[in-house]
Amino acid sequence: MKNDKSILSNIRLDSIGRRQFSLGLASLATAAFLPGTGFAQSSAAAQKIADHFSSVKTMMGEFVQFGPRGEQTGGKFFIERPGKLRFNFEDPSPIRVIADGKNVVIGNMKLKTWDVYPLSKTPLSLLLSDRIDLGNQMVRDVKQESDLTTIVLGNKTVFGDSTITMMFDSKTYDLRQWTITDAQNKDTSVMIYNVRNGVSLDDKVFTIPYDEVRKG
């Protein structure tokens, strides 16, 4: 399960092409932290986008994930705010990722093994919170462009030097992608499509099989 743990520390959610995805990374690498009034104004505009995203309580769709070494997998994802998420990776990958509001588990269905992490100690807690509050010290950067708004959040007291970067469509406020970058500067991209918002999801989707987790 050593390689599977990168799923938690390196996740990118994306609905744009790989070319634009690469350009987005380049702009992030060269962006300076916006100081003073300019940063405050950008943060105010970004808060509107974050509030819109927070208002979407459920979403589901399909994804293609690109790992730190270029490996590619796909599957389906489900999100219910606050705190719930599920990634079902398609065959031949045996991996399941489930967050039930308290914990996050990574399960290997083939090996029957599970790794458990408190949700509050992972960057996913920021993404899945009931409301993304940009008025605190977690904001590392805000970058606004004509078609893209990038928000970088971090909290060293919770998950070390990891950061979560969210990129939104500046016009529709739709989430384009998220990135979680760990202390080793590794990240994973997950491109999403066929996304549906406001769907009704069964509670069983986010049920962690704790009996199996304890055995694993």
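Values in this text are rule-based calculations from the coordinates and carry no lab data. Bear in mind the structure is a predicted one, so any value in this text is a computation, not a measurement. A quick note on method: Cβ atoms are made from the backbone with ideal geometry, for glycine too, and the neighbour counts reach across all protein chains shown.
Need the full-extension length gain, Val199 to Val64, defined as separation in residues times 0.36 nm minus the C-alpha distance. One decimal, nm.
Difference between extended and current length: 46.5 nm.
How high is the relative contact order of segment 143-201? Use alpha-carbon pairs under 8 Å, at least six apart in sequence, and give a whole percent.
So the answer I get is 23 percent.
What trypsin sites (Lys or Arg not before Pro) does segment 63-128 have in DSSP loop regions with at most 12 other beta carbons within 10 Å?
Sparse-neighbourhood loop trypsin sites (Lys or Arg not before Pro): Arg69, Lys102, Lys110, Lys112.
Looking at this model, which pairs from Lys57/Lys112; Lys76/Lys110; Lys48/Lys186 are more than 23 angstrom apart at the alpha-carbon?
Flagged as over cut-off: Lys57/Lys112; Lys48/Lys186.
Net charge near Asn155, counting Lys/Arg +1 and Asp/Glu -1 over other residues with Cβ under 12 Å of its Cβ?
+1
Quick one: 3J(HN,Hα) in Hz for segment 88-105, Karplus 6.51/-1.76/1.60 with θ = phi - 60°, rounded, Gly and Pro as x.
9, 7, 6, 4, x, 5, x, 8, 10, 10, 9, 10, 10, x, 10, 10, 10, 10
Report the chymotrypsin sites (Phe, Trp or Tyr not before Pro) located in segment 176-216 that are in a DSSP loop and have at most 14 other Cβ atoms inside 10 Å of their Cβ, or state none.
none
For segment 51-163, what does the relative contact order come out to in percent, with C-alpha contacts under 8 Å and a separation of six or more?
About 16 percent, as a whole number.
I'd like the Karplus ³J(HN,Hα) series for segment 58-74: coefficients 6.51, -1.76, 1.60, θ = phi - 60°, whole numbers in Hz, and an x wherever there's a Gly or Pro.
9, 7, 8, x, 10, 9, 10, 9, 10, x, x, 9, x, 5, 10, 9, x
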